[in-house]
Amino acid sequence: MNLKDFKLESQREYWAKALVELGKKRKDIVVLSADLSSSVKTSLFAKDFPERHFNVGIAEQNMMSIAAGLAACGKTAFASTFAAFGTGRVYDQIRQSIAYPKLNVKIIATHAGITVGGDGATHQIVEDLALMRALPNMTVIVPADAPETYRAIKTVADYVGPVYVRMGRANIPTITNSKGKFKIGKATLLKDGDDVCLIGTGIMVSRCMLAAHELKKHKISARVINLSTIKPIDTKTIVKAARETGGVVTAEEHSSIVGMGSAVAMCLVENAHVPMKRVGIPDVFGQSGDSDELMEKYGLTAENIIEAAHDVLGRKGR
Amino acid sequence: MAVYDKRLISKLERKANLIRQHVVRMIYLAGSGHPGGSLSAVEVIVALYFHVMNIDPKKPDWPDRDRFILSKGHGCPTWYATLAEKGYIPVEELDTLRKLGSRLQGHPDMRACPGVEASTGSEGQGLSMGVGMALAARLDRKLYHVYVMIGDGELDCGQTWEAAMAASHFHVDNLTAIVDRNMLQLDGPTAHIMSVEPLADKWKAFGWHVTEINGHDFKDILRALEKSKDVKGRPNLIIAHTLKGKGVSYMEGAVSFHGKAPTKEEYEQAMEELGGKA
Ligand SMILES: Cc1ncc(C[n+]2csc(CCOP(=O)(O)OP(=O)(O)O)c2C)c(N)n1
Ligand SMILES: [Mg+2]
């Protein structure tokens, strides 16, 4: 098994497809962009529903609070930009005008993480999950691939309240095959196993699958869980997996000190004491480079997950 | 009116052309980047580094130097190429743009590359940093001048206007902002995305001294930059009317070349148009 065995698809295209379908059915859906509509693909919605699309220019703070105003008047507002500019730059607007009043604004962020590539650190936000996780009332979703993105957007549109959805720039391996409604707060089991549990989110779920496949060759049976809702976190599934396998590895394309891995660690500390290892970006800013090179440089490959699994296995017996 | 030596003007024009060749090659080799806004900014940046600013490439940290900030950080290929031609970094290093480990990051990193005065890339923050540097000169009783280039898309950013207000409130007169008025931003023409006119009147109302120039005409640029040093008591704004993608026919005025690299054929054509070697 190899990354090349998977179909590579664009999360952005699937998100836009879901959005346009929603726009057709629901007149309450409005969309906001900040001079990146062509990149985040809200341009497709704008083409079909120009009167319900507002491009505010390079003014993300303004965008978030306008979205809040629209939501306060009954609209379901989707505000979309790059993750760096849709979280850090507008944290206070999200906090004060969206999360605190629990308004129905969906922040749809693309270009998260280091797979942004050449643009470098300014555009490669690796701490957005920390910011969004910290906000009361905020739901945080990281789909694992393009089809799951599509399903998540449909669910998010029905859910009333603030949501942050994180996706990347790159075309990524399609690994989920679930049909039906995406359930907020429900982690999904992709592969069963009982020696160790690999919990991935976003693009790293595919790396977990590869790692599990490799581990099998060494007679290690790894369970793989796709944790696509970071908040509210699926404590039940995580704790059950930890108890049954006795060791956990998390993998995320995000700073490992403040992201999904730390959320899982909190969950384990209070509920199941098993050895654990986090695979993620160390406490540093990214840099320019080819996205695959960067994934290697910052330790985000299947090999890194395998190494972490061995570390956990080694500590299990003690 | 100042009269400029023909030789000076033609020297600057040759530099500008050379820098355009570097920029196109760098972005082609990187496989990504922002040619449009790099090419519109060439003449202003060349005029600053090769005639106007009081700088010493051998001493990039000299405390008395004039400062330049490229607030529209995505135009950095032009900045890097200018720094290389001026001797801050080796010209060969230009081809490492956007590569892993390079000092030439996709958006400028002031801790990586000598001569880069501010880390930018998230639009709309450079002018505020410029105000800070200009205020520091006042505190330290230094005579340096601070130049900040902003994109016309950055006029959408509230922070640009916060900085505009602060600069005039603090009577900062050692600060010159230059708007690269190329009429385009990422999604299309600025006039369609977010109306910013009447631009000169807005800045005047914020207390700035405003000049409008042709941003590709060195005589115009030099005159405006030199005059801006004489304005007392208020900050200066130069609206440089430019053409996005200037110098490469198919990039000129093309929204599509805001943020993508040329293909091999496009690259070869560009180099031919610029009189360089592909
Ligand atoms: C805060 C922020 N939002 C969005 C972007 C993405 N972006 C990069 S360049 C650009 C358009 C810039 O237009 P302008 O300032 O006019 O630059 P130029 O035309 O000179 O290239 C946008 C929206 C960004 N870099 N920063
Ligand atoms: Mg512009």
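Some observations on this one:
- Remark: A:SER43 falls outside the filter, which requires a residue to be within 16 Å of ligand 2 (Cβ to nearest atom), in a helix (DSSP H, G or I) and within 14 Å of chain B (Cβ to nearest Cβ).
- Failed criterion for A:THR87 (all others in (1) more than 13 Å from chain B (Cβ to nearest Cβ); (2) touching a residue at least 60 places away in the same chain (Cβ under 8 Å); (3) not aliphatic (A, V, I, L, M) hold): (1)
- Within segment B:230-242, the set of residues being in a loop (DSSP other than H, G, I, E, B) and open to solvent by less than 60 Å² (accessible area, probe 1.4 Å) comprises B:VAL231, B:GLY233, B:PRO235, B:THR242.
- Yes/no for B:HIS74 being within 16 Å of ligand 1 (Cβ to nearest atom) and outside any loop (DSSP other than H, G, I, E, B): yes
- Among the residues making up segment A:50-84, those that are within 16 Å of ligand 1 (Cβ to nearest atom) and part of a loop (DSSP other than H, G, I, E, B) are A:VAL56, A:GLY57, A:ILE58, A:ALA59.
- Within segment B:110-138, residues that are open to solvent by less than 30 Å² (accessible area, probe 1.4 Å) reach partners that are away from ligand 1 (no atom under 16 Å from the Cβ) and aromatic (Phe, Trp, Tyr) with beta carbons closer than 7 Å, at six or more positions or on different chains, in the pairs B:GLY115/B:TYR88; B:ALA137/B:TYR144.
- Filter result for A:ARG52 (in contact (Cβ under 8 Å) with a residue 60 or more places away in the chain and among the charged types (D, E, K, R)): no
- Of the residues making up segment A:102-124, those that are open to solvent by less than 10 Å² (accessible area, probe 1.4 Å), closer than 23 Å to A:VAL31 by Cα and assigned to a loop (DSSP other than H, G, I, E, B) number 1.
- Residues that are within 17 Å of the chain's Cα centre (by Cα) and not in a loop (DSSP other than H, G, I, E, B) were ranked within segment B:183-218; the one that is surrounded by the most Cβ atoms within 10 Å (Cβ to Cβ) is B:LEU184.
- Close contacts from segment B:244-270, counting a first residue that is within 14 Å of another protein chain (Cβ to nearest Cβ) and a second that is at pLDDT below 95 and more than 16 Å from ligand 2 (Cβ to nearest atom), with Cβ to Cβ under 9 Å and a gap of 6+ residues or different chains, come to none at all.
- Of the set (1) farther than 17 Å from B:ILE150 by Cβ; (2) in contact (Cβ under 8 Å) with a residue 40 or more places away in the chain, all apply to B:ASP5 but (2).
- Listed by position, the helices (runs of 4 or more DSSP H) enclosed by segment A:221-318 that each have at least 3 residues that are buried (at least 20 other Cβ atoms within 10 Å of the Cβ), of a type in the set (Gly, Ala, Ser) and touching a residue at least 40 places away in the same chain (Cβ under 8 Å) are A:302-316.
- Odd one out for B:LYS277, checked against (1) open to solvent by 20 Å² or more (accessible area, probe 1.4 Å); (2) within 22 Å of the chain's Cα centre (by Cα); (3) away from ligand 1 (no atom under 14 Å from the Cβ): (2)
- Residue within segment B:243-252 that is open to solvent by 20 Å² or more (accessible area, probe 1.4 Å), within 12 Å of ligand 1 (Cβ to nearest atom) and closer than 30 Å to B:ASN17 by Cβ present: yes
Condition check ((1) within 24 Å of B:GLY215 (Cα to Cα); (2) not aromatic (Phe, Trp, Tyr)) across all residues:
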position	(1), (2)
B:ARG14	yes, yes
B:LEU29	no, yes
B:LEU48	yes, yes
B:HIS51	yes, yes
B:TRP62	no, no
B:PRO77	yes, yes
B:GLU85	yes, yes
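- Residue-level analysis places B:LYS227 outside the set of residues that are open to solvent by 60 Å² or more (accessible area, probe 1.4 Å), within 15 Å of ligand 1 (Cβ to nearest atom) and under 20 Å from the mean Cα position of the chain (by Cα).
- Test: residue in segment B:54-70 that is modelled with pLDDT of 95 or more and within 16 Å of ligand 2 (Cβ to nearest atom): yes
- Any pair with Cβ under 7 angstrom, 6 or more apart, that starts in segment B:27-40 at a residue that is open to solvent by 10 Å² or more (accessible area, probe 1.4 Å) and ends at one that is within 12 Å of ligand 2 (Cβ to nearest atom) and of a type outside the set (S, T, N, Q): B:HIS34/B:HIS74; B:HIS34/B:GLY75; B:HIS34/B:HIS258; B:HIS34/B:GLY259
- Reported count of residues in segment B:171-205, each being within 10 Å of ligand 2 (Cβ to nearest atom) and away from chain A (no Cβ under 11 Å), is 6.
- Single match in B:LYS260, B:LYS264, B:LYS277 (criterion: at pLDDT below 95 and closer than 25 Å to B:GLY33 by Cβ): B:LYS277
- Total residues in segment A:101-133, condition in contact (Cβ under 8 Å) with a residue 60 or more places away in the chain and of a type in the set (Ser, Thr, Tyr): 2
- Among the residues of segment B:112-131, not one is assigned to a helix (DSSP H, G or I), out of contact with any strand residue (DSSP E or B) (no Cβ under 8 Å at 6 or more places or on another chain) and within 28 Å of B:GLU85 (Cβ to Cβ).
- Here B:GLY37 fits the description: of a type outside the set (D, E, K, R), farther than 13 Å from B:GLU85 by Cβ and within 16 Å of ligand 2 (Cβ to nearest atom).
- Of the residues making up segment B:76-121, just one is at the interface with chain A (Cβ under 9 Å from one of its Cβ atoms), at positive phi and out of contact with any Asp or Glu (no Cβ under 9 Å at 6 or more places or on another chain), namely B:GLY101.
- Among the residues making up segment B:143-170, those that are more than 14 Å from every other protein chain (Cβ to nearest Cβ), open to solvent by 10 Å² or more (accessible area, probe 1.4 Å) and free of Cβ contacts under 8 Å to residues at least 40 places away in the same chain are B:ALA166, B:HIS169, B:PHE170.
The values are calculated or read from the model by the stated rules, or taken from the named source; none is laboratory data. Bear in mind the structure is a predicted one, so any value in this text is a computation, not a measurement. Positions of Cβ are generated from backbone atoms using ideal geometry, with glycine treated the same way; all protein chains shown enter the neighbour counts. Only protein heavy atoms, including side chains, enter the accessible area calculation; ligands, DNA and RNA are left aside. Shrake-Rupley method; radii C 1.70, N 1.55, O 1.52, S 1.80 Å.
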